1. Take Asp104 and decide whether it is assigned to a strand (DSSP E or B), of a type in the set (D, E, K, R) and either at pLDDT 95 or above or within 25 Å of Arg53 (Cα to Cα) (or both).
2. Mind listing just one residue for me: the one in the range 252-261 that is farther than 19 Å from Val118 by Cα and of a type in the set (A, V, I, L, M, F, W, C) and, of those, farthest from the ligand (Cβ to nearest atom)?
3. Working carefully through the options Ala64, Ala97, find the one that is over 22 Å from Ser276 (Cβ atoms), surrounded by fewer than 24 Cβ atoms within 10 Å (Cβ to Cβ), small (Gly, Ala, Ser) and modelled with pLDDT under 95.
4. Would you mind telling me which numbered condition in (1) out of contact with any Ser or Thr (no Cβ under 6 Å at 6 or more places or on another chain); (2) within 15 Å of the ligand (Cβ to nearest atom) Val318 fails?
5. Where residues in the range 232-247 are in contact with a strand residue (DSSP E or B) (Cβ under 9 Å, 6 or more places away or on another chain) and of a type in the set (S, T, N, Q), which of them is nearest to the ligand (Cβ to nearest atom)?
6. Looking at Gly227, is it crowded, with 20+ Cβ neighbours inside 10 Å, more than 14 Å from the ligand (Cβ to nearest atom) and either modelled with pLDDT of 75 or more or not in a loop (DSSP other than H, G, I, E, B) (or both)?
7. (1) at pLDDT 70 or above; (2) outside any helix (DSSP H, G or I); (3) among the charged types (D, E, K, R): which one isn't true of Glu208, the others all being true?
8. I'm checking my understanding of the structure. Among residues of the range 262-293 that are part of a helix (DSSP H, G or I) and aliphatic (A, V, I, L, M), which one is nearest to the ligand (Cβ to nearest atom)?
Amino acid sequence: MKKMPRRRFLRSAAALGLGATAAGRWAQVPTRTPPPGRGIPLVLTSHTNDTGREALGQAWEILAGGGTALDAVERGANVIELDPDDTSVGYGGLPNAEGVVQLDASIMDGRTYSAGAVAALEGIKTPSSVARLVMERTDHVLIVGPGAQRLAVDFGYRVENLLTERARQAWLRWRENLSELDDWGPPEHLARRRRGGGGEVPPHERAEFHYGTTNVLAVDAKGDIAGVTTTSGLSWKIPYRVGDSPIIGAGLYVDNSVGAAGATGRGEDVIKSCASYFIVLRMKEGRTPQQACEDAVEMILDRYRAVGLDFVPPEKFVALNKAGQYGCASMPSGSDCRLTVRHQGGTETYEGVSLG
Ligand code: GLY
């Protein structure tokens, strides 16, 4: 039997009145069989390159030695942040519209129900560790801009130039084509911008444009859960634009009795949908991590349909639960929906589902 495309199935199901619950249509939609639980401890990242694997290797050493999920996710995130060739996170990240690298990050410790975050942090290569300082050494959750840098310096961090030559050259190229790719403008310009800049933009200009980010989530041998989301944010952003990564509930959420979720992609939509919190709530209601990530994609698509827009924001969600199950979903259809996971059996790339 020919498989009905998922989106068409959704529309047919809706037409038949199936799944029309108060919780929303996505709640009733069958999903891909979830992967088997791999047991705990377990750590995963949304990064699927060599740096992501290296990050999990170092995080795993902590977990295998009986260390905490919190220490493991910080170590893993630091590895990715310090990679100068990664233009989406930490050192080497693509800068804002003025050529300045401004970093966002959050960390959450399920064991203590505590969280910390920094936004628009300049000059510090490992923003997730500064977020941990906010969490552990202040009574606040989010500190931004010069205040975040000042805190880092007070605790011994050195302010460094984060703009690599590769990122600077990419910024110069963007500035020469500013009109098609900037964040300012009337509605028709912004609509074009959301589609990635319009057909007139040369391919070499589009290649370096991104909302890249990474999530590192872990559950340790005691069953405690922690997570980090860290990013250089939207490339060429308006200075001091803050994305979803440092917003608890949007780019990251952890509930020690349930699991953790993280988001990458267009932060504006992740903030509006509180996507990570939504995913953790769905897991609390009994959905597997894979199902809950798919639910988040459907929820966001439904929101745009409800206001008559055929807009599919680029997003990827990853999640794990206390039992060591994990999942990943992305949009639009055909986009990267993979994560890297490290468990007792080794390191593997898991492919979830792309929709929309
Ligand atoms: N998800 C990263 C950002 O939008 O800033």
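1. Yes, satisfied.
2. Looking at residues that are farther than 19 Å from Val118 by Cα and of a type in the set (A, V, I, L, M, F, W, C), I get Val258.
3. Exactly one residue qualifies, and that residue is Ala97.
4. Against the list (1) out of contact with any Ser or Thr (no Cβ under 6 Å at 6 or more places or on another chain); (2) within 15 Å of the ligand (Cβ to nearest atom), Val318 comes up short only on (1).
5. Ser245
6. The answer is yes for Gly227.
7. Failed condition: (1).
8. Here the residue is Val270.
The values are calculated or read from the model by the stated rules, or taken from the named source; none is laboratory data. In this text the structure is predicted, and so the values were computed from the model without any measurement. FYI the Cβ positions are ideal-geometry reconstructions off the backbone, even for glycines, and counts take in every protein chain you see.
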